[in-house]
Amino acid sequence: MIKVSLRRKGLIGISMALVLCILGVGVHTIRAASAVDTDANVTITAEVDTTSALAMNYTGKITIDLYKIASMDVTGDVKTLEDGFKNSGINLSILKDNPTVATVEESIVNKALAVVDGVTPTATITIDRRTGQSSGYVSIPKGAGLYLYVPSAEDRRYLYEFTSYVLFAPTSQYITPRDNYEADEGMALDEWKYDVDFGLKSNQVPKLGTLIIEKKLDDYNESLAAASFVYKVKAQIDEKVVFDDVVTIEFESAGTQQIELEIPATATVTVEEVYTGASYELASNKVVNDLVIEAGGESTARFENRYDEEKMISGGISAVNTFVKRDGEYVHVGMDDIPQ
């Protein structure tokens with residue numbers, strides 16, 4: 001099953017997501033006895049799963065854009081695509097053939113999502129988690145039709161990925177997905193229901209930012225081996241360690257080099273130069289504290305070293321091989337202490 005990752009006002013590619021509660025799309029016939037009131041309002045409600053990470057952790061606004069793909073006639077049939085979807089390749093005829101969810105996704109949902117950026121939403125539902133809302137709804141005048149829903153939510157730390165799908169408004173128990181049928185208790189088979197709802201489930205994906213470690217080497221002794229400098233990097237979010245590693249920058253001439261690390265957004269980072277290359281000394285602080293990583297942004301820890309004749313030794317030392325991790329901490333050891 002294809003899942004579509006969404007940001008506000010845009011699609012950002014294909015990714016894993018949890019399946020939403022699917023309502024009111026499947027075999028579509030005109031067996032309902034009563035006619036559809038095409039002048040009536042339809043009400044569409046979106047609900048948050050109160051046990052989900054979205055409900056428990058997200059404190060912003062969830063936006064669900066609704067797009068009317070096709071209008072419904074008095075018989076309950078949908079044949080004509082709305083203007084924004086006429087060249088999308090959507091095949092409405094599959095609704096008459098008892099389609100599976102996968103067929104609806106392939107023939108309608110994915111084709112609609114491919115063009116939705118160029119279409120103005122018919123309506124938008126907003127759920128404000130800051131006030132504890134777990135549902136939201138919108139009423140659409142003369143709204144009978146087939147709708148695509150596109151949810152989106154994100155904050156500084158996470159992107160919430162949703163699965164979009166389509167629904168009928170109004171619906172009846174003659175309009176059901178073959179592999180997701182669930183009867184609406186108390187609703188007659190031939191009754192049109194103008195209030196429809198669907199559930200939101202999401203996948204919480206951490207956002208990342210870039211940590212840049214920049215090293216400037218003022219001068220370089222060519223008679224020695226390559227100069228190696230080692231940095232311990234630790235990142236925390238709410239006092240929980242989310243990144244802990246040691247990285248090395250090597251020089252074969254004077255100049256400036258950088259390395260980049262992807263770190264979870266909102267983390268606070270400490271970078272410490274734990275090994276200064278043989279015969280070199282720091283010309284800057286040894287530790288850079290309290291760098292905050294922003295999603296999609298860059299934070300830089302800068303260090304500077306210069307050659308020190310008084311520290312000159314014969315030959316270089318490989319810094320990579322002089323640090324080992326013991327009891328969760330990286331420590332400097334002599335060459336004889338390193339396991340072979």
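The values are calculated or read from the model by the stated rules, or taken from the named source; none is laboratory data. All figures in this text were calculated on a predicted structure; none of them were measured in a lab. Note: ideal-geometry Cβ built from the backbone for every residue, glycine included; neighbour counts use all protein chains shown. These accessible areas exclude ligands, DNA and RNA; they are computed on the full protein's heavy atoms, side chains included. Shrake-Rupley method; radii C 1.70, N 1.55, O 1.52, S 1.80 Å.
The set of residues from the range 263-305 being polar (S, T, N, Q), modelled with pLDDT under 95 and open to solvent by less than 50 Å² (accessible area, probe 1.4 Å) comprises Thr276, Ser279, Ser284, Asn305. Residues in the range 81-132 that are surrounded by 13 or more Cβ atoms within 10 Å (Cβ to Cβ), part of a helix (DSSP H, G or I) and of a type in the set (A, V, I, L, M): Leu92, Ile94, Leu95, Val101, Val104, Ile108, Val109, Ala112, Leu113, Ala114, Val115, Val116. In the range 241-262, of all residues being of a type in the set (Asp, Glu), more than 14 Å from Tyr307 (Cα to Cα) and open to solvent by 70 Å² or more (accessible area, probe 1.4 Å), the one that is farthest from the chain's Cα centre (by Cα) corresponds to Glu250. Of the residues making up the range 281-305, those that are under 19 Å from Gln257 (Cβ atoms) and of a type outside the set (A, V, I, L, M, F, W, C) are Glu281, Ser284, Asn285, Lys286, Glu298, Ser299, Thr300, Arg302, Glu304, Asn305. Among the residues making up the range 286-305, those that are under 17 Å from Gln236 (Cα atoms) and free of Cβ contacts under 8 Å to residues at least 40 places away in the same chain are Val287, Val288, Asn289, Asp290, Val292. Inspect all residues belonging to the range 60-80 and state whether any of them is modelled with pLDDT under 95, of a type in the set (Phe, Trp, Tyr) and either closer than 29 Å to Arg130 by Cβ or surrounded by fewer than 21 Cβ atoms within 10 Å (Cβ to Cβ) (or both). Within the range 60-80, none of the residues are modelled with pLDDT under 95, of a type in the set (Phe, Trp, Tyr) and either closer than 29 Å to Arg130 by Cβ or surrounded by fewer than 21 Cβ atoms within 10 Å (Cβ to Cβ) (or both).
Out of the residues in the range 217-236 that are surrounded by fewer than 18 Cβ atoms within 10 Å (Cβ to Cβ) and modelled with pLDDT under 95, which is nearest to Ile140 (Cα to Cα)? Before the answer, list the steps.
Keep residues of the range 217-236 that are surrounded by fewer than 18 Cβ atoms within 10 Å (Cβ to Cβ), which gives 218-219, 221-223, 225-226, 234, 236.
Then drop every residue that is not modelled with pLDDT under 95, which leaves 218-219, 221-223, 225-226.
Details: Asp218: 68, Asp219: 71, Asn221: 75, Glu222: 75, Ser223: 78, Ala225: 74, Ala226: 70 Å.
My answer is Asp218.
Within the range 262-313, work out how many residues are farther than 18 Å from Val230 by Cα, of a type in the set (Gly, Ala, Ser) and assigned to a strand (DSSP E or B). Final tally of qualifying residues: 1.
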